[in-house]
1. Under 5 Å between amide hydrogens, which residues at least 5 positions from T115 or on another chain qualify, with H placed 1.01 Å from N in the peptide plane?
2. How many Å³ per residue does the convex hull of the Cα positions in the range 83-242 occupy?
3. Find which of V24, V229, L151 sits farthest along the positive direction of the dipole of the chain, computed with +1 on the beta-carbon of Lys and Arg, -1 on that of Asp and Glu, about the Cα centre.
4. How large is the Kirkwood hydrodynamic radius of the range 1-143, counting all unique pairs of alpha carbons, in Å?
5. Which residue, T25, T42, T115, tops the fluctuation ranking in a GNM of the chain built on C-alpha contacts under 10 Å?
6. How many nm is it between the label spots at E14 and S27, if each spot is 7 Å from the Cα in line with the beta carbon?
7. Mind putting a number on the dipole of the chain about its Cα centre? Charges go on the C-beta only, +1 for Lys and Arg and -1 for Asp and Glu, and I need it in Debye to the nearest 20.
8. Can you tell me how the range 205-292 classifies by the Cα gyration tensor, rounded, prolate or oblate, using a/c under 1.5 as the rounded cut?
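A short reminder: the numbers here are calculations on the coordinates, not readings from a lab. Being a predicted model, the structure only gives us computed values, none of them experimental. Here the Cβ positions follow ideal geometry from the backbone for every residue, glycine too, while neighbour counts run over all protein chains shown.
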Amino acid sequence: MSTQIQASLANQVEEAARIAGLTVTGSEAGVSFTGTPTTKFTLTGPKQRTLTLEFSDSFEFGRREIAEELKTYFAETAKRLKNPDPDIYMTAGGMPIRFGKFVWPFHQSTSGADTLLVHGEIKLEDGHDSPLHAKVAAAMTLTFAEIVPALEQPFAEGFIYNAVRKTLDQGQLELVKSGNRQPVPVTTRYYSRWQKKFNFHDSDQKQREDFLAAKVYWLSGVLGGGAPVWVMDPRDAQYLNTTVLELKRTAQALARDGVLLLQEEEGYAGATEALMGHKDEYEAELAAALQFIKPTFNEEMRHGHTNM
């Protein structure tokens, strides 16, 4: 890849970051899973929190049809970097998990399957340095890929993270101390072409309240030292099949009930003493979620009793 093209990519990333209030504080050469050259940028936001953004060196950053989505990605990243730890997300089942070690962009399956893959890792964050984690291979069908503007991190990171969360909620991923890579299917069942929107969970008001309360308990109260977290994250809205406005209303209702402490900056909330008083309930919920994703065996079949 020519130095001129690399410099052009760097300039475009720096300009997009600057508009969103972020700073590019580092860059380095990388390689994709298939060995093609990439560039990894370190974006620094509020309180010196950072995010790694990886692009293929051949990526056409300035194409008109993707410019608005990139603008949105950088703007949301600036808000997410205000979280105590921007890499930790909450599942609907009650598990705080860290996303990391993702290797972008997507690559063609080497097994002959008609899919595009991205590899990464999730790790349980329970405040006790848990060793439980899962290596994942998110497999996107070619049909699904048709709705993605580009097979690069900014255009897929959100729905890939949500597909991983959904797969955990379904008990189809196991968190282990060591183990092989586990599949995460990403198919058109997660997207409505008619509505032109993603669909992971159909949540009601009570479920949204429980989700936001658990998010603030874990990400602010337990893992964030009481620092506020972003409760109007569009990725959570997509995950719960709701809107950012509805998340805002939910947070306001929880604040009226003394569960959350809304911050002066709109969209952020911290944990109240009342919320932190529910430690036993949240730890029991986490334990139940971990038990749910453990593999189970049919004891009758284990002892050879089968109708087959």
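1. Excluding prolines and chain starts, which carry no amide H, the hits are S109.
2. Spelled out: Cα convex hull of the range 83-242, divided by residues, is 111 Å³.
3. In the chain, that residue is L151.
4. 16.8 Å
5. T25
6. 0.7 nm
7. On the way: 32 positive and 40 negative charges, 70 e Å.
So the dipole magnitude of the chain works out to roughly 340 debye.
8. Here the range 205-292 falls in the oblate category.
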